[in-house]
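See structure below.
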Amino acid sequence: TTFQKVGKVLGVSGENKFTSAAIDPPSDFAYFGTYTLPGRVVKIRLSEFLRVDSISLESDERDLRSAVIDPGRGFLFFGTDTFPGRVIRIRLSDFKRLDTIFLKAEEAYHNALAIDKARDSLYVGTRTWPSNIIRIRLSDFERISAISLPPGEDYIKSVVIDPGRNFAYFGTDTSPGIIIRVRLSDLKRIDAITLGP
């Protein structure tokens, strides 16, 4: 195995093209996903800034574009920038890949993931035309609902959740950019803001 050292981080050759990351401060770890085939996930201990482990995913699990942690249940999720798209679940306690969920053909290119603990839900935004927003139930890792956005609100690239107000906000990879507001309780698009050119 070829090792490369950058600062204090010692890694294996092929651990590159980091396009997704998630942090778990209480456990003192951060996780980085690669845009490679197969995808790899690298675990970093924050207090020492040290690479402590990595896993390779299955041969067709590639291009990890988004990530989010569910610390309450102890899971890490990665969304793939692929067609068909999939969400991969990793157990944090032993850093093991558990399973993956395939979504529908039009629900590909998972560039945005967010968790709403109050509603036991993981939300996936797709970089497609039109864009789709999918809700996955965390307790059993099952797809339960989805919506398609109107024409023009395409290529979702980012998401943030405000659980207190019951909204998620999705940003598009378009020019001009658009921010879409979605109500979480019934997964309904409420409105959108189109920004300047």
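The values are calculated or read from the model by the stated rules, or taken from the named source; none is laboratory data. Given the structure is predicted, the values throughout are model-derived calculations rather than measurements. Ligands, DNA and RNA are excluded from the accessible area calculation, which covers all protein heavy atoms including side chains. Shrake-Rupley method; radii C 1.70, N 1.55, O 1.52, S 1.80 Å.
When the Debye formula is applied to the Cα atoms of the stretch 67-115, each taken as the same point scatterer, what base-10 log of I(q)/I(0) results at q = 0.24, 0.33 Å⁻¹? The Debye formula, applied to the Cα set alone, gives -0.84, -1.19.
Could you calculate the contour length gain from residue 21 to residue 188, that is, 0.36 nm times the residue separation minus the distance between their Cα atoms, to one decimal place in nm? Mind showing how you got there, number by number?
Working: separation 167, 0.36 × 167 = 60.12 nm, distance 2.78 nm.
Stretched fully, the residue 21-residue 188 segment lengthens by 57.3 nm.
Take the solvent-accessible surface of the protein heavy atoms, probe 1.4 Å, and return the percent of it on the stretch 22-136 that carbon and sulfur atoms account for. Carbon with sulfur: 52 percent of the solvent-accessible area.
The residues of the stretch 22-148 expose on average 41 square angstrom of accessible surface per residue, using a 1.4 Å probe on protein heavy atoms. Run the Debye formula on the Cα coordinates of the stretch 1-149, all scatterers equal and no solvent, and tell me log10 I(q)/I(0) at q = 0.16, 0.17 1/Å. Log10 of I(q)/I(0), two decimals: -0.82, -0.91. Averaging the Cα positions of each part gives two centres, and for the stretch 18-71 and the stretch 128-197 these lie 24 Å apart.
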